[in-house]
Every structure is written in structure tokens, then in C-alpha cells.
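The values are calculated or read from the model by the stated rules, or taken from the named source; none is laboratory data. Everything numeric here is computed off the predicted structure, so don't read it as measured data. In this analysis, Cβ positions are derived from the backbone assuming ideal geometry, glycine residues included, and neighbour counts consider all displayed protein chains.
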Amino acid sequence: MRVATAMTIAGSDSCGGAGIQADLKTMIAFGVHGTSALTSITAQNTLGVGKTLHLPAELVGEQIDAIMDDMGADAAKTGMLATEEIMEVVADRIRTRRIPNVVVDPVMVATSGVRLMDEKATDVFVREILPLALVITPNVDEARVLAGFTVDTLAAMRDAARAIYDVTGASVLVKGGHMGGDATDVLYDGVEFRDLTGRRIEGGRIHGTGCTLAAAIASGLACGDALTRAVENAKDFVTRGIEESFDIGRGSALFNHTVHAVSAGGDGRMEE
């Protein structure tokens, strides 16, 4: 028996609520061994992002190489890829290392409103990173940027998912948590739409939900789940983590990563 592994390629959140910290907590919850390739360091807390330092692209690539040379990866999740150079190196490693089951969380703007991706890098992101994904997980604001039109209804979410799929060839999960009503996400695989509706938990902003959802999907895929099941289990995990969120700082509440996760892989063990 061996333990499933998932890699997060993302930035660091110094308050531990999002970024690689949230990803690794999520992977543990799903019984998966998480590895990480750090792309950026942020000085942030629940009130917002202060300063950011982007690591040299060469170092990002070397981190991925170190992991793949030794442990490999059953799945990977990308988060904050702030510069063109980092995107190009990450895309190269995903291709040449044949990293499977890539979940791309298009991190463009922080919960606090701070932009985390250079505007000029968006074209590179769409051209180099998105076509390598098994699934892309934009919220409605990110879907608007990627699709090129306002996404404020369920019908528009479906249109955006189709538009992004047509450009990238990747399945798309448009997250509707920022809209009113039920928390409905739309999954499109190029053939059919699935509306995934969960209960909306009233309250303020929750830090780290987008990172956590993408990492949860990657964890399920690493354990052998089909995409639909990985997404459904991830959404359930996120719903419960929001419901049991807690306040430590003076800003956004923090997602509770200690809630129990359910995955086809169970404790993450896989047959040899």
C-alpha cells in the first residue's frame, strides 16, 4: 500500500488561512500526503494582504523537480501564479513531468480585493496554464475576467463555463458563492452541465474557501475519485468548513479545516 500524494503550487499566507497552508491542511483532512512548491510569500492577515515577494521562477521549477524526482504526484493544484515567468516555468514542469489531475484555481484577486496576478500576465495564464488543467475553478468574478462578460445569473455561469471550456478544453467549475440565494456551482465537462447546490451559510467573509475547494478536489482526484465525485465531496467539505468557521483576527473569519473529509480513497492509501 502507498499513500496518495498531491502537490500544491501556490503562494504562502502568513496567517494560515489560505494559500499553501490551507492546501496542506485540506490534503491532511482527506488523508493525502501534501507537498508544496512555493511561488510567492505574502505578509497578510485576516484584514488583508500587505507586501508580497514573488520567488524566482527558477526556484519554483526546482521545487517541483525535487518533488517529482522523489515522490511524484497523483494530482496537483495551482494557486497564486503571479508573474509570466512563474507561469511559464510551472507550465513547462506540468508538461514535461507529466503531472496528472491538475486543478487550476485562477487566483487573481484576494478576498480583501488586492490583485494577486499581474494584469499583463493574464494572457499568458490563459495560453500556458489553463489548457493543462483537468478542471478550472473560477468564482464568478474570475469567470468574468476569463469569459469576458458579466457573470451574475445561473444562466451566465453556464455560458461562462462553456466559453472557458471552448478556449481551454478543460472542465470548468464556476463557483456561485459570491451571488445571492443558494450556493450553486456549475460544473461543465464539455458535454453536460451539473448544478451543484449547497446550503448558504449566512455571515461575513470567510478566508481561504477558494484555495480549500481546489485543494479538496485535487485530493479526491489523487485518491482515484472521478471528477464529479471529487467536486461533490470537496463542496461538502467546504460547506461544513464554512459552517464551523471561527474568528481569531479582526477581519475575515477563518475556514475550519478540522472538519472530517470524505473521499473514495478513505485514508489516502492506494494499492501498489
Of the conditions (1) crowded, with 20+ Cβ neighbours inside 10 Å; (2) assigned to a helix (DSSP H, G or I); (3) of a type in the set (Asp, Glu), the single one that Asp185 does not satisfy is (2)
For region 224-237, the count of residues that are more than 16 Å from Leu24 (Cβ to Cβ) and either at pLDDT below 95 or not small (Gly, Ala, Ser) (or both) equals 9
With the first residue restricted to region 133-159 and required to be farther than 16 Å from Leu187 by Cα and of a type in the set (Ser, Thr, Tyr), and the second required to be surrounded by fewer than 23 Cβ atoms within 10 Å (Cβ to Cβ) and modelled with pLDDT of 95 or more, Cβ contacts under 7 Å at 6 or more apart or on different chains are Thr150/Ala156
Filtering strands (runs of 3 or more DSSP E) wholly in region 6-97 for at least 1 residues that are under 15 Å from the mean Cα position of the chain (by Cα) gives 33-45, 75-78
Scanning region 3-27 for residues that are out of contact with any Leu (no Cβ under 9 Å at 6 or more places or on another chain) and of a type in the set (Ser, Thr, Tyr) gives Thr5, Ser14
Out of (1) within 27 Å of Lys120 (Cα to Cα); (2) surrounded by fewer than 18 Cβ atoms within 10 Å (Cβ to Cβ), the one Asp13 does not meet is (2)
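One line per residue, one yes/no per condition, for (1) in contact with a helix residue (DSSP H, G or I) (Cβ under 8 Å, 6 or more places away or on another chain); (2) closer than 27 Å to Leu227 by Cα; (3) buried (at least 21 other Cβ atoms within 10 Å of the Cβ):
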position	(1), (2), (3)
Thr8	yes, yes, yes
Ala18	yes, yes, yes
Val32	yes, yes, yes
Asp70	no, yes, no
Ala76	yes, yes, yes
Ala91	yes, yes, no
Ile99	yes, yes, yes
Val103	yes, yes, yes
Val107	yes, yes, yes
Those residues of region 185-201 that are in contact with a Lys or Arg (Cβ under 7 Å, 6 or more places away or on another chain) and more than 20 Å from Ser245 (Cα to Cα) come to a total of 6
Here the residues within region 50-68 that are surrounded by fewer than 17 Cβ atoms within 10 Å (Cβ to Cβ) and either on the phi > 0 side of the Ramachandran plot or of a type in the set (A, V, I, L, M, F, W, C) (or both) are Leu53, Leu59, Ala66
Restricted to region 132-172 and to residues being among the acidic types (Asp, Glu) and part of a helix (DSSP H, G or I), the residue modelled with the lowest pLDDT is Asp141
Per the filter on region 241-263, residues under 18 Å from Ala214 (Cβ atoms), at pLDDT below 75 and surrounded by fewer than 19 Cβ atoms within 10 Å (Cβ to Cβ) are Val262
Scanning region 188-210 for residues that are modelled with pLDDT under 95 and among the hydrophobic types (A, V, I, L, M, F, W, C), the one surrounded by the most Cβ atoms within 10 Å (Cβ to Cβ) turns out to be Ile206
